[in-house]
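The values are calculated or read from the model by the stated rules, or taken from the named source; none is laboratory data. Being a predicted model, the structure only gives us computed values, none of them experimental. Cβ placement follows ideal geometry from the backbone for every residue including glycine, while neighbour counts extend to all protein chains displayed. Note: accessible area is taken over every heavy atom of the protein model, side chains too, but ligands, DNA and RNA are not part of it. Shrake-Rupley method; radii C 1.70, N 1.55, O 1.52, S 1.80 Å.
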Amino acid sequence: MALSASDLNAIYSLLTNSMSGDESVRKPAEAALSQFESRQGFCSCLMEVITAKDLAPQVAVRLMASVYFKNTINRYWRIRRDSVGISNEEKLHLRQKLLSHLREENYQIAVILAVLISKIARVDYPKEWPELFSVLAQQLQSTDVLTSHRIFLIIFRTLKELSIKRLPADQRNFAEISSHLFDYSWRLWQNDIQTILHGFSMLAQSHKSNALEQHQELYLTCERWLLCSKIIRQLVTSGFPSDAKCVQEVQPVKQVCPVLLNAIKSLLPYYSSFQKGHPKFWDFVERACIKLMKVLVAIHVRHPYSFGDKCVLAPVMDFCLITITDPEPVILSYDQFLIQCMVMVKHILECKEYKPSVTGRVMDETGITVEQTKRAISKNVGGILASVLPPERVVHLCNVLIRRYFVLTARDLEVWYRNPESFHHEQDMVQWTEKLRPCAEALYIVLLENNVQLLGPIVVSILQEAMNGCPTSVTEITPGLLLKDAAYGAAGYVYYELSNYLSFKDWFNGALSFELSNDHPNLRFIHRKVAMILGQWVSEVKDDTNRQVYCALIRLLQNKDLSVRLAACRSLCSHIEDAKFSEQDSSDLLPTTWDSCFKLVEEVEEFDSKVQVLNLISVLIERVSEVIPFANKLVQFFQKVWEESSGESLLQMQLLIALQNFVVALGYQSPSCYNMLLPIIQKGIDINSPDELNLLEDSMLLWEATLSHAPEMVPQLLAYFPCLVEIMERSFDHLQCFPIEVPPLINSTLQKLVVICLSGGDDRDPSKAAIKASSAAILARILVMNTNYLAQVASDPSLSVLVQQAGVPIEENILLCLVDVWIDKVDNVSSTQRKIFGLALSIILTLRLPQVLDKLDQILSVCTGVISGVNDDLAEEESSGDNMSSSSFHGESTIPSKEFRCRQIKFSDPINQLSLENSVRDNLQTCAALHGEFFSSAIGKMHPALFAQVKQALKMP
């Protein structure tokens, strides 16, 4: 029974009670609201609570109502088979109500309503909600600042949601939105920045701190302008095809970027002047400058050729270089802005579109090849970069990066002394765009790669200067010592480029080895850098220095500082993995190496540290033949780590890999570790284990290794085989191999997959959504490869009973129900699975059911979208080296490895041989023959843009 206005008081009371601290009051209210979710009228009642003027002060209740509103929309807005859902009449009412309540004063509620509108728009725009943007634009013409801020919040959220839709028709819709919104948004952006700068000028001249309330409208204008900046980014980056592919100029890039840069320059002076007197506006300036730089970076990534124009590239590059090398003093503490400037320069320097292209000749209308156009642009950009970044400026930038940004700060040393383990991971494993030093290092590496002949000697001279200025005997933390650490890092990161200018042997014998002779605590960061260098320069370590380097790393592995030891651990792993590693030359050092690893793993606390040490142990086991003398210690070690790693599935996965190597190394003596090994295998292959998804594959490989190296079949190993049946029922890779034979053997499992596909709940649980998508892909494959069998399964009475028992309402043919799932989940699967969905949907066109025509436009929209994207996807897969030519199957006197056989199976997948384009074209003709005039009528109702897309994809006249 539908809810109505008479239920408002009850719902208001339930919302109030759902926030009670008394569980006896809260729990029944939550349960009642949960029951209301699926009833018609519930969202309308919530909307009335949110918008009621007399409830405006009741923010908590309104906020709770908006949360329930959002959750209900997420679950029931789309037509679902497991609930009645929301009627079309109520949807129309809610859309109108949402657009009539734009002036929401509470920011949290306004954000939720904006998200709501964006989610609805993703489903309904433009077919069911064509007036959305026109109404919003109309409301913007004459409103106060608060309302316009809320409208821009809605526009931003909606554009963000619509921009991620993949189908060509959706992308054309977005381009149309951009053409209508861009000019107005850009004009408002420019007006607002003038208002903001004028207001800031007045504030700066007032010389006193004013309450924010006195400038509330200015602050709201600032926030609206920031939202408008995000909208401009969405419109420019998603509203036009990337010029990297179409090689066509995107005019708004030249229009927008110089103005964005000028806005940054105008706002930056207030970063220092507002810091004390106007903290709220100071915070805004900080966010705004970072955001504008991110917008510039995003536009460059999307439209590199248009960005390469001299009116854009030259001023942006020049500004970023000045900011990095010669900033105002206050900017030196503005880390995130400096990072964005470095990101911008790095992207420009390594942009592949600015480098000579070697692609084929593709002709355009004028007869000029796309290749020629690209070369002309690249040449032009090269000239611009040469003028902005001449050799002397390159050298200056290199010097600044090393001498300023590589140098450890007092804060760095404080963090290191307080927690060396955390410092190690912060420096080595952090995303390079998050911290200033890693970002500077990333920029430096690209700079040197592009200018190796110019900068190679410069870096070596800085290194020599630093070593001469700070002998190995110095222990006081001086600027000279810190510079030496920075220079060591600079030389360590670019071993490949510097190998022609710096002899590793001379460097090691003349300086690096001597650095380790002084154990003073202040030299820990030098020792850590030496450890890093020894790992980075592994390819340059020759036979005559191999043992010396190995001894040095063993010594570093015993250092008192955890950060040094972890760096040595990583470098030692690189040396042992290297082809030049000689067990014979280092056999006497192995006992110390093993003991150092065991001690280190006991002392570290962080997960990443344990994985790092475990990785070294695994490599040692794999590369060293004499493992048996250390077997007992290793058994104890593995047992202890496994027990302590409960709940840490990633660590356990690394442990399972190490155990595989251990079993292989023991060979026929592997039963000596069965007491430790077999319980681990048993847990790993248990499909009912909480960690089954993470551990099953590696546990299966460990089980295989154990069987392969078992001298005899013991009862415990034999007892595991019943698990194999359950495991095989959960994997469907063998359907590539036997599409006719296998499905009848797993009939009950396939019926369960159908129930999974038709059941709800996946909208609120990402894991369920993934399972549903995978299940749908399996059923689609069976329909394509064994059509009659899936039709038989779908019509089996036992399946109907199973579906009813699961509480899933079914009103039409089960195959047609699966069509809705394939259409809904096409954006949530891999490229190969999208093709399978397309093939399955094309087969549905041949059903002798009139309801097929009701889904014709959706089926064709998906199929043509997949066709247009499949070539790019296949090209990417081929370039990744994952596919194999038939000639590679015939290796002389080579036994195919298991991985090779798996790749053969993947390559021979019949799906790869089928043409989706031919399948859709042929089955569309069959559909026309089956339904006659009704088919013609359905085609006639199709949107002209979609029909044109179908004709283009199928190459129809």
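Brief remarks on what is shown
- Only helices enter this figure: runs of n ≥ 4 DSSP H residues, each worth -39500 (n - 2.57), summed and divided by the residues of the chain, yield -22500 deg cm²/dmol at 222 nm to the nearest 500.
- Whether the chain is rounded, prolate or oblate, judged on the alpha carbon gyration tensor where a/c under 1.5 counts as rounded: oblate
- For the stretch 478-579: rounded, prolate or oblate by the Cα gyration tensor [a/c cutoff 1.5]: oblate
- With the simple model of a label 7 Å out from the Cα in the direction of the Cβ, residue 687 to residue 639 spans 3.2 nm.
- For the peptides 770-777, 652-659, residues were scored by their other Cβ atoms within 10 Å and the scores averaged per peptide; the highest-first order is 652-659, 770-777.
- Ranking by accessible area, most exposed first, for 520, 424 with a 1.4 Å probe: 520, 424
- Rg ratio for the stretch 565-691: its Cα radius of gyration over 2.2 N^0.38 Å, N being its residue count, equals 1.04.
- Cα gyration tensor category, rounded, prolate or oblate, for the stretch 400-539 with a/c compared to 1.5: oblate
- Charge dipole (the chain, unit charges on Cβ, about Cα centre) - positive-most of 576, 479, 306: 306
- Cα-based equivalent ellipsoid of the stretch 101-191: semi-axis lengths in Å, sorted from largest, via gyration tensor: 21, 16, 11
- Taken over the Cα atoms of the stretch 452-513, the convex hull encloses 74 Å³ per residue.
- Projecting the Cα atoms of 248, 786, 832 onto the charge dipole of the chain (Cβ charges, centred on the Cα centre) puts 248 farthest toward the positive pole.
- Counting only the Cα atoms, the stretch 592-665 fills a convex hull of 75 Å³ per residue.
- If you sort 131, 622, 603 by accessible surface, 1.4 Å probe, largest first, the order is 622, 603, 131.
- D by Stokes-Einstein for the stretch 517-621, Kirkwood Rh over Cα pairs, 25 °C, 0.890 mPa s: 179 µm²/s.
- Net charge of neighbours whose Cβ lies under 11 Å from the Cβ of residue 146, counting Lys and Arg as +1 and Asp and Glu as -1: -2
- Number of Lys pairs (Cα under 28 Å; 8 or more positions apart or on different chains) in the stretch 557-715: 16
- Flagged links, alpha-carbon separation over 25 Å, of 294/484; 230/951; 70/97: 294/484; 230/951
- The stretch 621-697: radius of gyration and largest Cα-Cα distance (Dmax), Å: 12.5, 38
- Residue 570 - accessible surface, heavy atoms, 1.4 Å probe, Å² rounded to 10: 90
- Nearest-10 value in Å² for the accessible area of residue 280, using the 1.4 Å probe: 100
- Bins of 5 Å, starting at 0 and running to the largest distance - Cα pair percent for the stretch 1-126: 2, 10, 23, 24, 21, 13, 5, 1, 0, 0
- Computed as a quarter of the hull surface, the mean projected area of the alpha carbon convex hull for the stretch 65-134 stands at 4.9 nm².
- All Cα-Cα separations within the stretch 199-335 were binned at 5 Å from zero, giving a P(r) of 2, 9, 19, 19, 16, 14, 10, 6, 3, 1, 0, each value a whole percent of the pairs.
- When 541, 601 are compared by accessible surface with a 1.4 Å probe, the order from highest to lowest is 601, 541.
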